[in-house]
Each structure stands twice: as structure tokens, then as C-alpha cells.
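Undergrad: Below are the C-alpha cells for one structure; questions will follow.
The values are calculated or read from the model by the stated rules, or taken from the named source; none is laboratory data. Quick caveat, the model's predicted, so the values are computed rather than measured. Backbone-built Cβ (ideal geometry, glycine too); neighbour counts: all protein chains shown. Heavy atoms of the whole protein, side chains included, go into the accessibility calculation; ligands, DNA and RNA do not. Shrake-Rupley method; radii C 1.70, N 1.55, O 1.52, S 1.80 Å.
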Amino acid sequence: MAKKIYVGNMPFSATEEEIRTLFSEAGPVTSVSVITDRFTGRSRGFAFVEMGDAEADKAIQLFNGRKIGDRALVVNEARPMGERKPGGAGGGGGFRGGHGGGGGRREGGREGGYRRDSGGGY
């Protein structure tokens, strides 16, 4: 069965063919998918490589931490979309709740955001 591995911290100039050639050192590569920005078409610096289970495990051992240019690759088994940790880029937005607006009375009986007894006299 094929296993999908995540390859991160890649040089932005890396191509699918270069990644396929590199990972073929560990065994036959089923597929390579370099993730690109949908607006610019430029690489986002990570890819997914699919290969056999034993070959994928070997590739993780061989390439995780290996320097390519001035970058150390991050190589591990890809997690399904639903298992990712919350956070990171994307999502969110919209109404965030809270106590909208400013002014009003604050705790301690002061209004606004300045001290009346500052002595400076505006």
C-alpha cells in the first residue's frame, strides 16, 4: 500500500522532478505534488510524495533534517486533513464578539481613556 509523506521547508525553487529524483534514492515514487499559491503559481515551500510503505519510512529516515541549499527539510508521514492541529493559517475572520466601541464608564468611575487628575492640563 502507498504512504503519503509531507515534505516541508523546501526551497521555493524546487520542482516536482527534482523532488522525485531525490526521493527515488529511497525507492520508487508513485507521485509528487508540489503545493503552489493559487494566485501567483509560486511554490509554497512544501510538497507531498507518495511511495510504498517501506520506502516511505526509509525516505523519512533519510531526508528529515537533510540540508537542501540553506534549508533543512522536514519530512514526516502526512496526516489526513481532519487530524491537523487547530491554528495556523486560514480560517477565522468574521465577527469576533467582545465589547464593541469605546468610551463609556469604566471600572473605577472614570470615563474615557485618560486620567482626569494628570495635572498636565490639556
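Undergrad: Exactly one of (1) surrounded by 14 or more Cβ atoms within 10 Å (Cβ to Cβ); (2) at pLDDT 95 or above is unmet by I68. Its number?
TA: Here I68 clears every test but (2).
Undergrad: Restricting the search to segment 17-48, which residues are more than 14 Å from V7 (Cβ to Cβ) and in contact with a Phe, Trp or Tyr (Cβ under 7 Å, 6 or more places away or on another chain)?
TA: R42
Undergrad: Restricting to segment 6-50, give me the number of residues that are under 15 Å from the mean Cα position of the chain (by Cα), part of a loop (DSSP other than H, G, I, E, B) and either loosely packed, with under 15 Cβ neighbours inside 10 Å or of a type in the set (K, R) (or both).
TA: The qualifying residues number 4.
Undergrad: State whether the residues of segment 9-16 include one that is touching a helix residue (DSSP H, G or I) at 6+ places or on another chain (Cβ under 9 Å) and among the aromatic types (F, W, Y).
TA: Within segment 9-16 (the criterion being touching a helix residue (DSSP H, G or I) at 6+ places or on another chain (Cβ under 9 Å) and among the aromatic types (F, W, Y)), the answer is no, since none of the residues qualifies.
Undergrad: Among the residues of segment 18-63, how many are of a type outside the set (D, E, K, R) and touching a residue at least 40 places away in the same chain (Cβ under 8 Å)?
TA: 12
Undergrad: Then there's this: Would you mind stating whether R96 is open to solvent by 80 Å² or more (accessible area, probe 1.4 Å), basic (K, R) and modelled with pLDDT of 95 or more?
TA: In short, no.
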